[in-house]
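Here's the structure, in structure tokens; my notes come after.
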Amino acid sequence: MPIISVVVELLDKPGQLLSTLEPISRGGGNILTIIHQRDKITPLKRVPVEISFSVEDERDAKRIVEKLKEKGVIVKSYNEIRLIATTSVMVIGHIVKTDLSDTISRIDSTGFAEVIDMELTMPEVNRPSTAMLTISATGQEKLEEALDILREVCKSKNLLLVEPINEV
Amino acid sequence: MISIAIFGFGAVGQGVAEVLLRKRKQLESLIGKYKVVAVTDSKGSVVDENGVELSKAIEKKKKGGFDGEKTLGVIESLDFDVAIEVTPTDVNSGEPGLTHILKSIEKGADVITSNKGPLVVAFKKIKKLAEKKGVKLGYEATVGGVMPIIKLAKADLAGNDIKVIKGVLNGTCNYILTRMEKEKMTYSQVLSEAQELKIAEADPSYDVEGIDSAAKLVILANAVMDMDAIFDDVEVVGITRITPEAFEVAANKNYTIRLIAEANKEKGFLKVSPRLLPRNHPLAIEGTMNAALIKTDLAGDIVVMGKGAGKYETASAIISDLVEFYRKR
Ligand SMILES: NC(=O)c1ccc[n+]([C@@H]2O[C@H](COP(=O)([O-])OP(=O)(O)OC[C@H]3O[C@@H](n4cnc5c(N)ncnc54)[C@H](OP(=O)(O)O)[C@@H]3O)[C@@H](O)[C@H]2O)c1
């Protein structure tokens, strides 16, 4: 399944993001990550937002981008990310308290790896939660690098990382 | 006539004695006549140069303990061909087994042990001394109970380079994880159950913190992978933090969770930690079983499996070493 990354420029107003996401989902895209690049705000006060999603087929992605443009969304860039190595890992502990989005963005911000799927279960408050992360990277080595980062993050946040037996 | 001395007379020591008694005919057809000249416990011993009456020694131990000469005195004063060292494991000091083993080897006796401590602490030293003295050293029982991993690696896979070993080496942990998965119980619930069933010790930390697995891993790394490892080289994470939900979340991706000990010579690391395994993975075994996956350069991947512990299972591994040492050609 190809993974597509688009950067769109949105006005910093409610409802903007939703109207962008809708055509993506409708067109068969499975949204993976949304990153607001607030540090790259344009002179016209637009916020670049990087959205990555997976599609069955490259053609679906093209259709989605056409649709976005038709709706007047400014699409700055459009790329297929070639993520060829994937693994699942489990994280157990106070995942939310220790800033889950930071944990994920430490992977996503590498540019070569992404958390493409996550399942989180939270039992009662104060009990440790469990998450299964699926991480993809542009290659086997890069995946290993991403895992190294995750190992460090988990160590510093005192989270238990359960790695797959077929180590990447 | 082979003279045997048994040091330590708990579950394993008595198991060995029972087997030597019960299967005498079969064993003597393999190795020739034998006698047990001494059995010892922490307080004393029963010694007879002409052969201890094992059934009486077992009776006596059941009623209380031994008295008389202690193990070290027995080693000094008595002649024996082979020492079976089955005292408790201490992975920090290796004692009392380490001294028993070194002194027995000094005397020129062969040694068979199920005690991990001495091998974890001083594998090289013991091995060197045994080579110098020209005696045999058997320790199949230290790793994986009956699972025949050491002989498999040394004999049947001779000539291979063993690159990686991954194994489920602790039956207690495997039992706890299997039950958590099947019954959706919490770690502490299953632990109490396992303690009631005597699968886990009153102080379970040695097993559940991964220490036992790490000790076995160090022995494997030294004995069959030539890795020159010590206990502190192993990164150890136990199973105490695994949540019941973990199994559900894992199952959605068709995974299960097991405590895996991995010695990886290619990447140069030793690690004991809970890992995600595809449910059909050969190491995704259930209950108190042990299993190991051995990656070799010539033979490819090999998997062994067997009961990880138990009185007779461990005795079986000790007897197999004995037969290997003295088999009539
Ligand atoms: N049980 C298993 O399934 C299993 C499996 C694999 C390996 N092992 C290993 O095999 C060894 C024996 O296990 P086990 O289950 O038989 O243990 P155990 O039931 O606790 O028996 C240990 C025996 O060693 C004796 N002992 C303690 N200190 C001694 C000393 N200084 N000198 C002489 N004897 C001494 C004890 O004497 P007292 O009776 O006076 O206390 C007892 O008889 C351990 O190292 C264990 O890790 C056990």
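What follows draws every value from the coordinates through simple rules; no lab data is involved. This one's a predicted model, so the numbers in the text were calculated from it and none came from an experiment. So basically every Cβ, Gly included, is an ideal-geometry build from the backbone, and we count neighbours across all protein chains shown.
Taking square-rooted eigenvalues a ≥ b ≥ c of the alpha carbon gyration tensor, is the stretch A:1-95 rounded, prolate or oblate, where a/c under 1.5 means rounded and, failing that, a/b exceeding b/c means prolate?
Here the stretch A:1-95 falls in the oblate category.
With unit charges on the beta carbons (Lys and Arg positive, Asp and Glu negative) and the dipole taken about the Cα centre of chain B, which residue among B:122, B:168, B:195 sits farthest to the positive side?
B:168
Which listed residue (B:78, B:210, B:50) has the Cα farthest towards the positive end of the charge dipole for the protein assembly as shown, taking +1 on Lys and Arg C-beta and -1 on Asp and Glu C-beta about the Cα centre?
Of the listed residues, the answer is B:50.
What longest range of chain B stays clear of loop-exposed GluC sites (Glu not before Pro) (DSSP non-H/G/I/E/B, at most 16 other C-beta within 10 angstrom)?
B:54-200
How would the stretch B:60-106 be classified by its alpha-carbon gyration tensor: rounded, prolate or oblate, with rounded meaning a/c under 1.5 and the a/b versus b/c comparison settling the rest?
Here the stretch B:60-106 falls in the oblate category.
Label the protein assembly as shown by shape, choosing from rounded, prolate and oblate, from the square roots a ≥ b ≥ c of the eigenvalues of the Cα gyration tensor; if a/c is under 1.5 it is rounded, and otherwise prolate applies when a/b is larger than b/c, oblate when it is not.
The shape class here is prolate.
In this model, which of B:107/B:136; B:103/B:132; B:166/B:295; A:40/A:142 are farther than 19 Å apart at the alpha-carbon?
Pairs exceeding the cut-off: A:40/A:142.
Under unit Cβ charges (Lys, Arg +1; Asp, Glu -1), what dipole magnitude, rounded to 20 debye, does the stretch A:46-168 have relative to its Cα centre?
520
State the Cα centre-to-centre distance between the stretch B:23-100 and the stretch B:201-276 in whole Å.
Using only Cα atoms to place each centre, the spacing works out to 33 Å.
May I ask you to sort B:178, B:186 by Cβ crowding, counting other Cβ atoms within 10 Å and putting the fewest first?
B:186, B:178
Which net charge results for the neighbourhood of residue B:42, defined as the other residues with beta-carbon distances under 15 angstrom from its beta-carbon, given Lys and Arg at +1 and Asp and Glu at -1?
-2
When the helices in the protein assembly as shown are scored as -39500 (n - 2.57) per DSSP H run of 4 or longer and the sum is shared across all residues, what 222 nm value do you end up with, to the nearest 500 deg cm²/dmol? Can you show the working numbers first?
Working: 16 runs with 182 residues, N = 497.
Result for the protein assembly as shown: -11000 deg cm²/dmol, rounded to the nearest 500.
Give the cross-link partners of residue B:124 among the aspartates and glutamates, using a straight C-alpha distance below 13 Å as the criterion and excluding same-chain residues fewer than 8 apart.
Within reach: B:226, B:228.
Among A:165, A:101, A:116, whose Cα projects farthest towards the positive end of the dipole of the stretch A:92-168, with charges put on the beta-carbon of Lys, Arg (+1) and Asp, Glu (-1)?
Sorting the options by dipole projection puts first A:101.
Please identify every one of the GluC sites (Glu not before Pro) in the stretch A:1-77 that sits in a loop by DSSP and has no more than 14 other beta carbons within 10 Å of its own beta carbon.
A:56
Of B:173, A:154, how do they rank once you tally other Cβ atoms within 10 Å and put the fewest first?
Numbers: B:173 30, A:154 20.
Listing B:173, A:154 from fewest to most nearby Cβ atoms yields A:154, B:173.
Cβ under 13 Å from residue B:324's Cβ, residue B:324 left aside: what net charge do those residues give with Lys, Arg +1 and Asp, Glu -1?
+2
Give me the dipole magnitude in Debye, nearest 20, for the stretch A:1-75 about the Cα centre, with unit charges on the beta carbon: positive for Lys and Arg, negative for Asp and Glu.
Values: 12 positive and 11 negative charges, 61 e Å.
Approximately 300 debye in magnitude.
Please compute the net charge surrounding residue B:148, taking Lys and Arg as +1 and Asp and Glu as -1 over other residues with Cβ under 15 Å from its Cβ.
Value of the local net charge: -1.
Of the listed pairs B:60/B:125; B:154/B:253; B:154/B:307; B:63/B:328; B:60/B:216, which have alpha-carbon separations greater than 31 Å here?
Numbers: B:60/B:125 36 Å; B:154/B:253 37 Å; B:154/B:307 20 Å; B:63/B:328 38 Å; B:60/B:216 33 Å.
The answer is B:60/B:125; B:154/B:253; B:63/B:328; B:60/B:216.
Counting other Cβ atoms within 10 Å of each Cβ, which GluC sites (Glu not before Pro) in the stretch A:98-168 have at most 12 and sit in a DSSP loop? Write out the running numbers ahead of the final one.
Details: sites: A:114, A:119, A:124, A:141, A:144, A:145, A:152, A:167; in loops: A:124, A:167.
Answer in residue order: A:124.
Would you mind working out the magnitude of the charge dipole of chain B relative to its Cα centre, with +1 at each Lys and Arg C-beta and -1 at each Asp and Glu C-beta, to the nearest 20 Debye?
780
Would you give the gap between the C-alpha center of the stretch A:94-168 and the C-alpha center of the stretch B:113-156, rounded to a whole Å?
40
Helix B:187-196 versus the longest principal axis of chain B: what is the Cα-based angle in degrees, 0 to 90, to the nearest 10?
Approximately 30 degrees, to the nearest 10.
Working from Cα positions, state the angle (0 to 90°, nearest 10) between the long axis of helix B:311-326 and the longest principal axis of chain B.
Tilt relative to chain B: about 60 degrees.
Could you put B:241, B:24 in order, starting from the residue whose Cβ has the fewest other Cβ atoms within 10 Å? Can you show the working numbers first?
Working: B:241 16, B:24 13.
Result, fewest neighbours first: B:24, B:241.
In degrees, nearest 10, range 0 to 90: what is the angle between the Cα axis of helix B:97-106 and the longest Cα principal axis of chain B?
50
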